[in-house]
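Single-structure report; data block below.
The values are calculated or read from the model by the stated rules, or taken from the named source; none is laboratory data. This is a predicted model, so every value here is computed, not measured. Please note: Cβ atoms are built from the backbone with ideal geometry, for glycine as well, and neighbour counts cover all protein chains shown.
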């Protein structure tokens, strides 16, 4: 499994987006929404997911609803922008909203009806690791690796 060895080497070097690209490119489109919801589930274990994070996790599990990811992305983006302007909001809240935004794009992309950034899955991994760093939890980083490699494996 050269791809896994390559991804791990990049991950260990701190080249997270490179590693994430290797891994997420291997995740079948039909599996990406569930994977994105699983990433949000583990982020939510360390920080309460603000809306629309909870709704997004539900949408991801119903293929007929994947196109709703676009609406939820718009809601998340507005909230992220508001959080970024609010000096009282923590970096953790902003990082969590960015993870929600990217998960929404991954889910909407899987519907085949939207053309968001094709690297949204890579960014979801990076945002989840930002949350891990901000909460000081190496275990969260390990869980993101495990979920992503499992989803990428045949």
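List of remarks:
- Looking only at residues of the range 130-154 that are within 16 Å of residue 47 (Cα to Cα) and modelled with pLDDT of 95 or more, we find that the one that is farthest from the chain's Cα centre (by Cα) is 143.
- Residue tally, condition part of a helix (DSSP H, G or I), closer than 30 Å to residue 89 by Cβ and touching a residue at least 24 places away in the same chain (Cβ under 8 Å), over the range 133-154: 8
- Odd one out for residue 22 among (1) surrounded by fewer than 16 Cβ atoms within 10 Å (Cβ to Cβ); (2) farther than 22 Å from residue 65 by Cα: (1)
- Test: residue in the range 75-88 that is touching a helix residue (DSSP H, G or I) at 6+ places or on another chain (Cβ under 9 Å) and crowded, with 24+ Cβ neighbours inside 10 Å: yes
- Single residue of the range 64-94 satisfying the filter (part of a loop (DSSP other than H, G, I, E, B) and farther than 26 Å from residue 142 by Cβ) that is modelled with the highest pLDDT: 86
- Residues located in the range 113-122, provided they are in contact (Cβ under 8 Å) with a residue 24 or more places away in the chain and more than 12 Å from residue 73 (Cβ to Cβ): 113, 119, 121, 122
- Here residue 32 passes the criteria (1) touching a helix residue (DSSP H, G or I) at 6+ places or on another chain (Cβ under 9 Å); (2) modelled with pLDDT of 95 or more; (3) more than 16 Å from residue 118 (Cβ to Cβ) except the one numbered (3).
- In the range 36-63, the residues that are more than 13 Å from residue 99 (Cα to Cα) and assigned to a helix (DSSP H, G or I): 55, 58, 59, 60, 63
- Filter result for residue 29 (surrounded by fewer than 14 Cβ atoms within 10 Å (Cβ to Cβ), within 24 Å of residue 7 (Cα to Cα) and either out of contact with any strand residue (DSSP E or B) (no Cβ under 6 Å at 6 or more places or on another chain) or touching a residue at least 24 places away in the same chain (Cβ under 8 Å) (or both)): yes
- Here is the figure for the range 106-117: residues that are modelled with pLDDT of 90 or more and under 14 Å from the mean Cα position of the chain (by Cα) total 5.
- Residue check for residue 92: surrounded by fewer than 24 Cβ atoms within 10 Å (Cβ to Cβ) and touching a helix residue (DSSP H, G or I) at 6+ places or on another chain (Cβ under 7 Å): yes
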